[in-house]
Protein chains: 2
Amino acid sequence: MGRRSWLPIATSSPFSLANIPFGIISSTTSPVHRPATVVGAHVLDLKVFAERNGFSGLEAIHPHLDVFSAATLNRFAQLGRPLHGKVRTYLQSVLADDTPLPQILRDNHDLRAAAIIPLADITTHLPMEIGDYTDFFAGIHHASAVGSLFRGPANALQPNYKHLPVAYHSRASSVVVSGTPVRRPWGQILLDPTAEPKIPTLAPCRRLDIELELGAFIGKANPLGQPVPVAEAEKAIFGYVLMNDWSARDLQTWEYVPLGPFNAKNFATTISPWVVLPDALEPFATAGIENDVEVLPYLRAENKQYDIRLKVDMKTAKSGEEATTVTETSGKNLLWSFAQMVAHHTIGGCNMRAGDLLGSGTISGTDDRSRGSLLEQNQAGRKTIGLAGGEERKFLADGDTVTITGVCGSEEDGLVGFGECSGQILEAVETPFFR
Amino acid sequence: MGRRSWLPIATSSPFSLANIPFGIISSTTSPVHRPATVVGAHVLDLKVFAERNGFSGLEAIHPHLDVFSAATLNRFAQLGRPLHGKVRTYLQSVLADDTPLPQILRDNHDLRAAAIIPLADITTHLPMEIGDYTDFFAGIHHASAVGSLFRGPANALQPNYKHLPVAYHSRASSVVVSGTPVRRPWGQILLDPTAEPKIPTLAPCRRLDIELELGAFIGKANPLGQPVPVAEAEKAIFGYVLMNDWSARDLQTWEYVPLGPFNAKNFATTISPWVVLPDALEPFATAGIENDVEVLPYLRAENKQYDIRLKVDMKTAKSGEEATTVTETSGKNLLWSFAQMVAHHTIGGCNMRAGDLLGSGTISGTDDRSRGSLLEQNQAGRKTIGLAGGEERKFLADGDTVTITGVCGSEEDGLVGFGECSGQILEAVETPFFR
């Protein structure tokens, strides 16, 4: 049985006392962006909590209390995992039914009134100021399926795929928090790939897709020129979020040779607002997909993953609140751990900074219902996907809302989850200057 | 004849009164990072100048004087080109021999003593906090030459090349200012590309290369979802720097399929410290390389480039101060203007922020001495390049120093240049944990 709180927490809430994730909020009564944690259907405003001596029982954080007045979690993230663990454990203790520190919050009605806010009254913001965003390609079932569609099963994976965590630098400026609408991008599309010469058309994307991913935020920086050993790499990670790396497939096909995806990816990437600490996910650690080649020593480590139950739900303008679950899979479906990704990313000396974001790559299982992109589900545009209310889709239509959720553990022990990573597709802008 | 200054300016200086670029300095007497401009062999400390009423003759800047107390130029950059122009013209006027405002600085001995510092006494720093760094591929002679080496002359350029400015997202964290040493990266290399199965080795890069580029810093942001029309795009640019986009060719060959270059590029990119304003380069505007395909309307604009005389010099550990010029070319050797790059980058709605950096791609001419990368000069490793003192190179050796310079105009009218973009190669780290 999980530890109970004196705050009401629905058993179905991903924010049980076993979680204690961190985010950035503003509220109807205060527009200041500030750190908070979430428990059930309430947040604890950590700025107010810190200012009013809420941390009086945790001496270790006293020299760093100003991190809770910051508008992002970057400085908190830099404090390192041991201190994050202490803050989490302390907050669990303060919020527990059987708290040994009732005077801090439970019985302090002034502080409760000031620092505890219903989720309905707050807005979440990007939790971190993101320096660089790197997107990996570690979802081997996705890489195989997509490679197979385009190059046939014999050449599905490139020769480098199992030797290194393939990745590309992506765009940090357009990472947005869950709830932000996503404008359908315009771009160059090759309508008839067989015609010669190849002449592209400018049009709104016709093959707008999702990519179900996990994101990891860096907390601990490494200096330029100093690689991070794989055994140390997990310590670099502050926490995890869900990610939808929206993708314009038709733009991608035309633009990506020879330097990789560009405008197909940089119009928006949505992340969930609450950063879940590695400590909270640790009970759900499991082995990822086994690599059947012997990797180089700098990448040798267990492929540690988390058994997060991932789900993608779609609503349409017509279906209203009736959602269709289009994907169910697990976070463990990755060939490389985030520690291996960090080790590879830094092996040449590249410096990571607090706030850097790493995407896992699209997470897919092996059966039809477990595919993390529509491209796989529709077999590169050959099949339609049935939705609630008899609607059909190949790719996303205007008005569609895609919501990713991810949760670990049981209701009995207390769920540890991310909340929602959600975005609705808006129609492309109509701007005459393009034409 | 160019306007003269009451400060001594050597006719060979790239920092004539016609220039007035902006950078970030610290000095032997003050470690604070702060804005400055450079004239001849002196800098004018703009923090001190602003604090002591140096801008009393320029009312338009008064509401924004705090930008000169910032540790980067980001906030100055956001003020927009008209105001940058006013500041530049004002500083020219204050510094001119025939200044109409002698009391501001020329005859104000206290302020001269406080604000004018010899170049030898200052250190330059990254001029901007870089949000995202995007590297284009607009040097068509480079793209043709490299494509021809790997795919033959008939398939040198990919079908998309003349229809869109090809680009990839690169790494912002590892952009460093001129003078920063560059550590040779380790990485995965396929020593025998013909052997099957393909098994990579971890080793220090053996094909370390340069890429001669121009960089443009964004000043004016656009909101997510709002493309920038090509006719407006030049206004988004704050100014220009020289760039050496160091490249690990052997890492690149193995890693870049299918998502583009990654560790081959993210270990270091060097930029020159002084941001040269578009206004200063305007007299040297010229037509770039003509595109022989009809581009889509959103990219239709003159291909405006600057006739910057670009030069790459190499010194080795053995040659000491004796440099060999390995490349001489012009900034006009690009197929796409920076305005076209911005228009393409934003066509899908991607937001640009002040401090974002765009690289032009490697700039090469068509003859042997005008190639902006060693890869082209050595014909993908087949030829050696002769250096001073009888040394030979294919790629860079430890201890080599590569210095890019770029200058416009004549000594008579006053040179407008960038100073140096320089870096020395350090040997790879020896770290047993890799092995």
A:M314 fails exactly one of (1) in a strand (DSSP E or B); (2) within 14 Å of another protein chain (Cβ to nearest Cβ), namely (2)
For the range A:349-391, the count of residues that are part of a loop (DSSP other than H, G, I, E, B), farther than 29 Å from B:S174 by Cα, of a type in the set (S, T, Y) and in contact (Cβ under 8 Å) with a residue 24 or more places away in the chain equals 3
Original post:
When you look at A:G320, is it without any contact (Cβ under 8 Å) to a residue 24 or more places away in the chain and more than 23 Å from A:P127 (Cβ to Cβ), yes or no?
Top reply: yes
Checking A:T316, A:T346, A:T324 in turn, the sole residue that is β-branched (V, I, T) and under 29 Å from A:S410 (Cα atoms) turns out to be A:T324
Scanning the range A:332-365 residue by residue, the ones that are within 14 Å of another protein chain (Cβ to nearest Cβ), in contact with a helix residue (DSSP H, G or I) (Cβ under 7 Å, 6 or more places away or on another chain) and of a type in the set (A, V, I, L, M, F, W, C) total 7
Checklist entry - Is at least one residue of the range A:274-281 within 14 Å of chain B (Cβ to nearest Cβ) and either crowded, with 24+ Cβ neighbours inside 10 Å or more than 30 Å from B:T201 (Cβ to Cβ) (or both)? => result no
Per the list (1) touching a Pro at 6+ places or on another chain (Cβ under 9 Å); (2) in contact (Cβ under 8 Å) with a residue 40 or more places away in the chain; (3) not in a strand (DSSP E or B), residue check on A:S93 breaks on (2)
Regarding A:R106, is this residue of a type in the set (D, E, K, R), more than 13 Å from chain B (Cβ to nearest Cβ) and either assigned to a loop (DSSP other than H, G, I, E, B) or free of Cβ contacts under 8 Å to residues at least 40 places away in the same chain (or both)?
yes
Point to revise | Yes/no for A:R3 being assigned to a helix (DSSP H, G or I) and of a type in the set (K, R) | key: no
Quiz prompt | Residue check, B:G260 on the phi > 0 side of the Ramachandran plot and either touching a residue at least 40 places away in the same chain (Cβ under 8 Å) or not assigned by TED's automatic domain parsing to the domain that holds B:I404 (or both) | solution = yes
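Name the one entry in A:P100, A:P118 that is surrounded by fewer than 16 Cβ atoms within 10 Å (Cβ to Cβ), at pLDDT 95 or above, touching a His at 6+ places or on another chain (Cβ under 8 Å) and outside the structural domain of A:P273 (by TED's automatic domain parsing).
Numbers: A:P100 fails: touching a His at 6+ places or on another chain (Cβ under 8 Å).
One residue alone meets the criteria, A:P118.
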Per the filter on the range B:209-246, residues away from chain A (no Cβ under 11 Å) and within 13 Å of B:F395 (Cβ to Cβ) are B:D209, B:I210, B:E211
Residue set B:G349, B:G361, B:G331; condition surrounded by 24 or more Cβ atoms within 10 Å (Cβ to Cβ), touching a Lys or Arg at 6+ places or on another chain (Cβ under 9 Å) and at positive phi; output residue B:G349
Within the range A:242-254, is even one residue surrounded by fewer than 20 Cβ atoms within 10 Å (Cβ to Cβ) and either free of Cβ contacts under 8 Å to residues at least 24 places away in the same chain or out of contact with any Lys or Arg (no Cβ under 8 Å at 6 or more places or on another chain) (or both)? yes
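Name every residue in the range A:309-331 that is basic (K, R) and in contact with a helix residue (DSSP H, G or I) (Cβ under 9 Å, 6 or more places away or on another chain), in order of residue number. Let's see the steps before the verdict.
Filtering the range A:309-331 for residues basic (K, R) gives A:309, A:311, A:315, A:318.
Correct list: A:K315, A:K318.
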- In the range A:276-288, is there at least one residue being within 30 Å of B:T269 (Cβ to Cβ) and in a loop (DSSP other than H, G, I, E, B)? no
Among residues of the range A:399-435 being in contact with a strand residue (DSSP E or B) (Cβ under 7 Å, 6 or more places away or on another chain) and within 14 Å of another protein chain (Cβ to nearest Cβ), the residue modelled with the lowest pLDDT is A:F434
Per the filter on the range B:282-304, residues among the charged types (D, E, K, R), away from chain A (no Cβ under 14 Å) and more than 21 Å from B:M243 (Cβ to Cβ) are B:E290, B:E302
query = If we scan the range A:106-115, do we find a residue that is more than 21 Å from the chain's Cα centre (by Cα) and over 26 Å from A:W6 (Cβ atoms)?
reply = no
Here the residues within the range A:6-35 that are crowded, with 24+ Cβ neighbours inside 10 Å, among the aromatic types (F, W, Y) and in contact with a helix residue (DSSP H, G or I) (Cβ under 8 Å, 6 or more places away or on another chain) are A:F22
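Which residues, taken from the range A:26-43, are modelled with pLDDT of 95 or more and either more than 22 Å from the chain's Cα centre (by Cα) or not assigned by TED's automatic domain parsing to the domain that holds A:D98 (or both)?
Here is the first cut: in the range A:26-43, the ones modelled with pLDDT of 95 or more are A:26-27, A:30-43.
Across the range A:26-43, the qualifying residues are A:S27, A:S30, A:P31, A:V32.
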Screening A:F418, A:F433, A:F395 for residues that are closer than 30 Å to B:P297 by Cα and outside any loop (DSSP other than H, G, I, E, B) leaves only A:F433
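In this structure, does B:T325 turn out to be in a strand (DSSP E or B) and over 18 Å from the mean Cα position of the chain (by Cα)? Before you say what the answer is, go through the steps one by one.
Numbers: in a strand (DSSP E or B): yes; over 18 Å from the mean Cα position of the chain (by Cα): yes.
Judged against the criteria, B:T325 is a match.
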Of the residues in the range B:247-260, those that are part of a loop (DSSP other than H, G, I, E, B) and more than 7 Å from every other protein chain (Cβ to nearest Cβ) number 1
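Okay, residues lined up against (1) without any contact (Cβ under 8 Å) to a residue 60 or more places away in the chain; (2) buried (at least 24 other Cβ atoms within 10 Å of the Cβ):
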{"residue": "A:H169", "(1), (2)": "yes, yes"}
{"residue": "A:V176", "(1), (2)": "no, no"}
{"residue": "A:T180", "(1), (2)": "no, no"}
{"residue": "A:P185", "(1), (2)": "no, yes"}
{"residue": "A:I189", "(1), (2)": "no, no"}
{"residue": "A:K198", "(1), (2)": "yes, no"}
{"residue": "A:R206", "(1), (2)": "no, no"}
{"residue": "A:L214", "(1), (2)": "no, yes"}
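The values are calculated or read from the model by the stated rules, or taken from the named source; none is laboratory data. Worth saying up front: this structure is predicted, and the values here are computed from it rather than measured. Quick reminder, even Gly has a Cβ in these numbers, built from the backbone with ideal geometry, and neighbours come from all protein chains shown.
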